[in-house]
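Bear in mind these aren't lab numbers, they're just calculated from the coordinates by the rules spelled out. Not measured: the values here are computed from a predicted model. Here the Cβ positions follow ideal geometry from the backbone for every residue, glycine too, while neighbour counts run over all protein chains shown.
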Amino acid sequence: MKPQDTLHFSYQALRAYPGRTALILLAMCIGVAAIILLTSLGEGARLYVIGQFQGLGSNLLIVLPGRSETTGGAPPMLGTTPRDLTLDDALALQRSPAIKDVAPIILGAAPVAYESREREVTIMGSTPALLSARQLDLALGQSLPDTNPRVATAVCLLGETVWKELFGNRPALGAWVRIGESRFRVIGVLAGKGQSLGSDMSDMVVIPVASARNLFNAPSLFRIIVTASSQGQLPQAEQDIEQIIRQRHDGENDITIIAQDSLIGTFDNILGALTWALGGIAAISLIVAGILIMNVMLVAVSQRKAEIGLLKALGAPTSQVLRLFLTEATLLASAGGALGLVLGLSGVLVLNQAVPDFSAQPPLWALIASVLITFFTGLLFGSIPARQAARLDPVAALSGR
Amino acid sequence: MNDEPLIALRDVCRQFQVGDETVHALDHVSLDIHAGDYISVMGPSGSGKSTLLNMLGLLDQTNAGSYCFAGRELTTLPEEQRAQVRRDNIGFIFQSFHLIPRLTAAENVELPLVLTGMPASERKIKVRQALTGLGLADRADHRPAQLSGGQQQRVAIARATIMHAPLLLADEPTGNLDSHSSTEVIRILEDLNTQGITLVVVTHDTEIGKRARRRIRMVDGRVVGDDG
Ligand SMILES: Nc1ncnc2c1ncn2[C@@H]1O[C@H](COP(=O)(O)OP(=O)(O)OP(=O)(O)O)[C@@H](O)[C@H]1O
Ligand SMILES: [Mg+2]
């Protein structure tokens, strides 16, 4: 029997029983649509988080005081109190050719007031390098002065939210605001960057690092943000930072460097696994659909015994009968899968329309896997009924027994 | 008559186990069927007529004895090869027609050709010829439910002969038909026999049974009469 004839015969059989065909198509369709929707959500979450990280700026290294033992094993050694990171430490890092920007950071909170309005805001002390390191843009005015960072200057940049809260729609550039006990002149407003993991840059005021040191009376840095001159230079930059700081800290390795890349990698892995898990859960519904296929096909085989007996009397070999019923099951599964693909992808489309901030998208592997799984569900769960059909004794089958 | 029989059965036995009892559906049946024969098989219900026909048609397997087809010993042939012998050599006609309800008359007739893998264009020509030969040309696209019993049986005959098999086995082919259709169907079968096909008809109808050149009578799984 030619393959196209086998296909046609199976197709005719499926059309002859529209009820059961529709039922199986529906089950398969839901299974595949579920896989696509759930993995799309997982993948969307993954891309969202990675996007958030990338909002922090690329080629980023974060230098923290103190050594965190990420390797597990031995407990931290006694008596090694970590040294603080100082502004001089940060400035020394600029020696490395692998490093582009060095932004020392002092973080604190203080009330910021303009005329009668006052607001408790996060104050970040840094240098102009902060803007390029974290890829921040100015909406108005100019950046921090690129002068000696050890000298305090009474200027500040306002985050967008702070600006709106304090000034409403009035111009802010050149105005004097009070931060804590001191007065600062507003020289720029940061363009809204929104939330980017950890800190909302729009609800913040940036002042020169030396000013922050005075404001909070804190000589040490909260952290240093460093960018490598290129992606390829990241390892070199990391090495240079360790070496420079060790030199300055009497040979003590007392800092922790977090590469944004490795953070992204970790989240990427976690969320990737989550997507797989979601896909796996959805795949269970395909197995349920498969069992349904098996059941309905078993009924079909017992309903169509006479037909099977006839085929055998006409000289159809066992293998041909097997192929006919397998084709039927596979055809059902694949058609259901195709419908599910359409339904799932439309679902994703609708979802993305409804929630514009979040972009769900089906991972390629889930598309391929769902197509393959449908196909094999048909083959696997169709094979038991098909084998039963093929094994029928022709005489008994003809008499409907 | 040829010296070599088309089919030779030797001491063929077929038993069925029903509970504690063993039913001897065929009890040491020996039979030679020659090419071109016209044989009727008669006997009371349960005497083993259908079992004999299934045995001749390679649908059933012997418990003892031997089966030769055209000189080939086929007693222990595996099912895959039996299927092929059936396809190429044996046409079946059943009391209940056994047409596939979802297929049109033409598609039902076409089925044996489809199984052999013949190209569609070639099939169409053969099917049209066969249907026309049986006066069914205008019924080609009808489904079995839209045909009378006599027409359905003619479709079944077209299907059984489309492969030009040398042997035609009919198990009560007129059992579900009125007398007019019965005569029509028997005439067609006899015409085929005249053209050289070997015909074996199981029947309860003595009128029909008597028409055969050779009449076999069965009782309790044994051949008790064989004349002609
Ligand atoms: N699959 C089976 N299982 C058990 N017994 C069977 C089976 N097939 C046939 N028999 C028995 O074998 C015997 C012969 O059956 P068979 O169908 O050949 O009779 P028959 O002559 O064709 O009868 P009828 O004229 O009623 O069609 C009967 O007693 C029947 O009950
Ligand atoms: Mg019978």
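Take the Cα radius of gyration of chain B and divide it by 2.2 N^0.38 Å, with N its residue count; two decimals is plenty.
Cα-based Rg divided by the globular estimate yields 1.01.
Rounding to the nearest 20 debye, state how big the charge dipole of segment A:83-253 is about its Cα centre with +1 on each Lys and Arg Cβ and -1 on each Asp and Glu Cβ.
Once rounded to the nearest 20, the dipole reads 380 debye.
Assuming R0 = 35 Å, what is the FRET efficiency of B:V224 and B:E80, from their Cβ-Cβ distance, to the nearest 0.05?
For R0 = 35 Å, the calculated efficiency reads 0.45.
7 Å from Cα along Cα→Cβ at both A:I50 and B:D32: what's the point-to-point distance in nm?
About 8.4 nm separates the two model spin labels.
Rounded to the nearest 5, what is the percent of antiparallel bridges among the DSSP beta bridges in segment A:83-253? Show your work: numbers first, answer last.
Values: 29 of 38 bridges.
Percentage antiparallel, nearest 5: 75.
Any idea what the relative contact order of segment B:72-176 is, in percent, if you count C-alpha pairs under 8 Å spaced at least 6 apart?
Working: 129 pairs, mean separation 49.6, N = 105.
With pairs under 8 Å counted, the relative contact order is 47 percent.
Counting Lys and Arg as +1 and Asp and Glu as -1, what is the net charge of the other residues whose Cβ lies under 12 Å from the Cβ of A:R248? Intermediate results must be reported in sequence, preceding the final value.
Numbers: positive: A:R83, A:R95, A:R246; negative: A:D84, A:D88, A:D89, A:E242, A:D250, A:E252, A:D254.
Residues close to A:R248 contribute a combined charge of -4.
Show me A:91-99, A:41-49 ranked by packing, highest mean number of other Cβ atoms within 10 Å first.
The peptides rank, most packed first, as A:41-49, A:91-99.
For segment A:312-401, run through the chymotrypsin sites (Phe, Trp or Tyr not before Pro) and keep only the ones in DSSP coil with at most 15 other Cβ atoms within 10 Å of their Cβ.
A:F358
Can you give the helix-only mean residue ellipticity at 222 nm for the protein assembly as shown, where every DSSP H stretch with n ≥ 4 adds -39500 (n - 2.57) and the sum goes over all residues, rounded to the nearest 500 deg cm²/dmol?
Calculated mean residue ellipticity at 222 nm is -15500 deg cm²/dmol.
Where both residues lie in the protein assembly as shown, what percent of DSSP beta bridges are antiparallel, nearest 5?
Bridges in the protein assembly as shown are about 70 percent antiparallel.
Compute the acute angle (0 to 90°) between the alpha-carbon long axis of helix B:120-133 and the principal axis of greatest extent of the alpha-carbon atoms of chain B; round to the nearest 10°.
For helix B:120-133, the angle is close to 80 degrees.
Name the shape class, rounded, prolate or oblate, that the alpha-carbon gyration tensor gives for segment A:83-253, where a ≥ b ≥ c are the square roots of its eigenvalues, rounded holds for a/c under 1.5, and otherwise prolate holds if a/b is larger than b/c and oblate otherwise. Provide the component values of the computation, followed by the final result.
Values: a/c = 2.39, a/b = 1.75, b/c = 1.36.
Prolate shape, in that a/c is at least 1.5 and a/b is the bigger ratio.
Hey, what did chain A get for relative contact order, percent, Cα under 8 Å, at least 6 apart?
Numbers: 734 pairs, mean separation 119.3, N = 401.
Computed over chain A, the figure is 30 percent.
What is the dipole size for the protein assembly as shown, taken about its Cα centre, with +1 at each Lys and Arg Cβ and -1 at each Asp and Glu Cβ, in debye to the nearest 20?
920
Pick out, in residue order, every one of the GluC sites (Glu not before Pro) in segment A:147-225 that is DSSP loop and has at most 13 other C-beta atoms within 10 Å; say none if there are none.
Values: sites: A:E160, A:E165, A:E181; in loops: A:E181.
Answer by residue number: A:E181.
With each pseudo-label sitting 7 Å past Cα toward Cβ, what's the A:D357-A:Q135 distance in nm, one decimal?
Simple spin-label model gives 1.9 nm for this pair.
For a test of the definition: using alpha carbon positions, the gyration tensor, and the 1.5 limit on a/c, classify segment A:205-259 as rounded, prolate or oblate. Show your work: numbers first, answer last.
Working: a/c = 3.14, a/b = 1.49, b/c = 2.11.
It comes out oblate by the Cα gyration axes.
So for segment A:83-253, averaging the separation of alpha carbon pairs under 8 Å that are six or more residues apart and normalising by length, what relative contact order in percent results?
Details: 358 pairs, mean separation 57.7, N = 171.
About 34 percent, as a whole number.
Taking each full run of DSSP H in chain A as one helix, which ones are at least 30 Å long along their axis (Cα atoms) and have mean Kyte-Doolittle hydropathy of at least 0.5? All intermediate terms of the calculation are to be shown ahead of the outcome.
Numbers: long enough: A:18-54 (52 Å, 1.27); A:260-303 (64 Å, 1.47); A:318-354 (53 Å, 1.23); A:364-391 (40 Å, 1.26).
Helix filter hits for chain A: A:18-54, A:260-303, A:318-354, A:364-391.
What is the distance, in nm, between label points placed 7 Å from the Cα along the Cα-to-Cβ direction at A:E118 and at B:F16?
10.4
Based on the alpha-carbon gyration tensor of the protein assembly as shown and its eigenvalue square roots a ≥ b ≥ c, which shape applies: rounded if a/c is under 1.5, prolate if not and a/b is larger than b/c, or oblate?
Cα axes put the protein assembly as shown in the prolate bin.
What FRET efficiency, computed as 1/(1 + (r/R0)^6) with R0 = 30 Å and r the Cβ-Cβ distance, is obtained for B:S45 and A:L298, rounded to the nearest 0.05?
0.35
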